[in-house]
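K.L.:
I have a structure I would like to understand better, so I am pasting it below and will then ask my questions one at a time.
The values are calculated or read from the model by the stated rules, or taken from the named source; none is laboratory data. Just so it is clear, the model here is predicted, and its values are computed rather than measured. Here the Cβ positions follow ideal geometry from the backbone for every residue, glycine too, while neighbour counts run over all protein chains shown.
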Amino acid sequence: MQTITVQQLAAEDTRHPVNLIDVRTRSEFYRGHAKPAKNIPLNELGPQSLLSICGEAYSDRPVYLICKSGSRSAQAVQKLLAAGCSNVFDVTGGTDAWQAAQLPMEEHEQTISLERQIRIAAGILTLTGTSLAILVHPYYIGIALFTGAGLIFAGVTDLCGIGVLLAKMPWNRGPDHSKKT
């Protein structure tokens, strides 16, 4: 897998505009992203979506993929490589590194982060399941157990079912910023 640092990418962008795709959710992207980035969430990413965002240029010029810290962008690179796109790069360190290097960011009003929403939802499910198990029937403990197992799975695989569901909620979709304005 080809990688590039945020400093190298910023230098490349000053020479000529780069195709930088942020694969985070729309709400994460809306809250703050590298200035040259366009948004295609990981679950929507494919050769066709690249073609619609970058035009024919993506086949001739490199496409750089970025996320928060590098995990999802690495998944995106693998996904595109498997689909036959070869000129793709993972931006090491992601938006966190971009921001730490004090490179140009576009930021908007903060909402509750998806990670905090996941913690709140997991807490509610655990508390509800435990309370129902004590007050109504012991079988309701399954809700708390299922939530705990889901959190362990999310920690091990970096795939969170609650996060996927919450990301699809209207308050988390944010405006469609897939095209540069």
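K.L.:
When you go through (1) without any contact (Cβ under 8 Å) to a residue 60 or more places away in the chain; (2) surrounded by fewer than 14 Cβ atoms within 10 Å (Cβ to Cβ) one by one for LEU132, which number turns out not to apply?
P.N.:
It fails just one condition, (2).
K.L.:
For ALA83, work out the one condition from (1) under 23 Å from MET105 (Cα atoms); (2) at pLDDT below 90 it doesn't fulfil.
P.N.:
(1)
K.L.:
Right, VAL23: among the hydrophobic types (A, V, I, L, M, F, W, C), farther than 28 Å from TRP171 by Cα, outside the structural domain of GLY163 (by TED's automatic domain parsing) and touching a residue at least 12 places away in the same chain (Cβ under 8 Å) or not?
P.N.:
No; evaluated as a whole, the condition is false for this residue.
K.L.:
Let me ask you something else. Looking at ILE66, ILE40, which one is buried (at least 20 other Cβ atoms within 10 Å of the Cβ), modelled with pLDDT of 95 or more and within 25 Å of ARG116 (Cα to Cα)?
P.N.:
On inspection, the qualifying residue turns out to be ILE66.
K.L.:
Can you tell me which residue within region 69-88, out of those that are farther than 25 Å from CYS160 by Cα and of a type in the set (A, V, I, L, M, F, W, C), is surrounded by the fewest Cβ atoms within 10 Å (Cβ to Cβ)?
P.N.:
CYS85
K.L.:
Among the residues of region 115-138, is there at least one that is within 18 Å of the chain's Cα centre (by Cα), at pLDDT 90 or above and of a type in the set (A, V, I, L, M)?
P.N.:
Yes, some residue in region 115-138 is within 18 Å of the chain's Cα centre (by Cα), at pLDDT 90 or above and of a type in the set (A, V, I, L, M).
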